[in-house]
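Report on the following structure.
The values are calculated or read from the model by the stated rules, or taken from the named source; none is laboratory data. Source: prediction; values computed, not measured. As a convention, Cβ positions derive from the backbone with ideal geometry for all residues, glycine included, and neighbour counts pool all protein chains shown.
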Amino acid sequence: MTLKGIKVKLYPTVAQQEAIENNFRLNRFLWNQLLGMQLARHENGGSFVTKFGMNYLIKVMKIEFPFLKEAESTSLLYTSADLADSYDRFFKKQNGFPKFKSRRRPKNSYKSNCVNGNIQVVDNHYLKLPKVGLVKANGLHRVKDKIKSVVIHKKADGTFEATLQVAFEATTFESTGKSVGIDLGIADLAIQSDGYKLPNKQFERSLAKQKRQWERKLARRRQQALVKIEQAKAQEIELELSDFKNVQKAKEQVARINKKIANQRNNYLQQYTTSLVKKYDLIVLEDLKTKNLLQNRQLARSIADAAWAKIKSMLAYKCEWYGKELVLVNPAYTSQTCSHCGENTGKKPLRIRTFACPHCHTTGIDRDVNAAINILNKALAQR
């Protein structure tokens, strides 16, 4: 059995929104309490409390804080597991130190486990959720397999989503016997060894004017709100930015535009990676360290927009699902080496877009296609 996530859009009623928000609050409260406890123990010379120890503490905390009983019980266990995982990544120097969660966060989520059918699809239009009830949803027709868990999200634009984790039997795609090497780029998102180039579509351009207008409105409204907050302080009246509806509306509009851009890019990459897995048995990708490349200030935004890491992660799970092979190779010297004779011809300026080899006199081959062929050859040489 294989696990996959299916996103559906939720349309909760006002009462259901309050139930979801309440679970956000309770899980945030638990996270902050457990993190505070871990910090206090560290300051007093105590040892780190493991996930299992924190799970036991939840039972004790429900006695001290009876309102925690209102939360969906498995979501609290996932919160302690997430905190333990955050510490684990910190100890491995993969992430920063865990932080307290603020109630002002625009995005929130919690995870619930499916126990005794408490999470179900009803009539392809409603999703049954523990402590919430039947919530109207869009996209449930794609859920055909057993539900294992669900993550409820509130997005920055104020909308709600659910990610259902389902167990399914993956069917392998038919073997084609073909292999491909892929060089990742900026002007063209992916350049294949067979000559195909995936254009890097700038989805944000079509919405740039609208986004810029709302960002300016947000900045102006926020500044006006801050002035009013200072004036209210002088009269001993407490106000926050969340009290200004026009500021919140502008925030949601900016978030909605960003979400639309992200969805368009994600759909574009999903279609491309699925076509690759269907067409090729062996897919070879350059193992780029995106984190290091993002330190280049001139190219950082372009690299982030290109979403190279997302392409790699999509190909990784799709190859596993459908019985294909993904190989990552070191990209060193792939753009300098001749794909015909294997000689290193040295660095070339970016303005030169065709590859010419002074050793075997190969000319007229696209520079990026030459690199993609070298990437494929590296993987084949290791087999």
Meets criteria (under 23 Å from the mean Cα position of the chain (by Cα), surrounded by 17 or more Cβ atoms within 10 Å (Cβ to Cβ), in a strand (DSSP E or B) and modelled with pLDDT of 95 or more) for A162 | yes
Counted residues in region 27-55 being at positive phi and in contact with a Ser or Thr (Cβ under 6 Å, 6 or more places away or on another chain) come to 0
Taking region 165-185 and keeping residues surrounded by 13 or more Cβ atoms within 10 Å (Cβ to Cβ) and either under 25 Å from the mean Cα position of the chain (by Cα) or over 16 Å from Y322 (Cβ atoms) (or both) leaves Q165, V166, F168, A170, G181, I182, D183, L184, G185
Within region 188-210, can you find the residues that are more than 17 Å from K310 (Cα to Cα) and either of a type in the set (F, W, Y) or surrounded by fewer than 19 Cβ atoms within 10 Å (Cβ to Cβ) (or both)?
-> D194, G195, Y196, K197, E204, R205, S206, L207, A208, K209, Q210
Name every residue in region 322-371 that is among the charged types (D, E, K, R) and farther than 25 Å from D287 by Cβ, in order of residue number.
-> R351
Pair list, Cβ < 9 Å and 6+ apart or interchain, from region 31-50 residues that are within 20 Å of Y110 (Cβ to Cβ) and assigned by TED's automatic domain parsing to the domain that holds K62 to residues that are in a helix (DSSP H, G or I) and among the polar types (S, T, N, Q) | W31/T79; W31/S80; L34/T79; L34/S80; L35/S86
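For region 21-41, check the following and say yes or no: at least one residue is of a type in the set (D, E), closer than 24 Å to F160 by Cα and assigned to a loop (DSSP other than H, G, I, E, B).
Within region 21-41, none of the residues are of a type in the set (D, E), closer than 24 Å to F160 by Cα and assigned to a loop (DSSP other than H, G, I, E, B).
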Hey, among V151, V227, V143, V180, which residue is in contact with a Leu (Cβ under 9 Å, 6 or more places away or on another chain) and farther than 25 Å from G5 by Cα?
-> V180
Could you please give the count of residues in region 177-197 that are farther than 16 Å from T273 by Cα, out of contact with any Ser or Thr (no Cβ under 6 Å at 6 or more places or on another chain) and either touching a residue at least 24 places away in the same chain (Cβ under 8 Å) or not in a loop (DSSP other than H, G, I, E, B) (or both)?
-> 2
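The rows are residues; the columns are (1) under 35 Å from the mean Cα position of the chain (by Cα); (2) assigned to a helix (DSSP H, G or I); (3) of a type in the set (S, T, Y); (4) buried (at least 19 other Cβ atoms within 10 Å of the Cβ).
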{"position": "A309", "(1), (2), (3), (4)": "yes, yes, no, no"}
{"position": "L315", "(1), (2), (3), (4)": "yes, yes, no, yes"}
{"position": "L350", "(1), (2), (3), (4)": "yes, no, no, no"}
{"position": "H359", "(1), (2), (3), (4)": "no, no, no, no"}
{"position": "T363", "(1), (2), (3), (4)": "no, no, yes, no"}
{"position": "N374", "(1), (2), (3), (4)": "yes, yes, no, yes"}
All but one of (1) over 24 Å from K148 (Cα atoms); (2) in a helix (DSSP H, G or I) hold for F48; which doesn't?
-> (2)
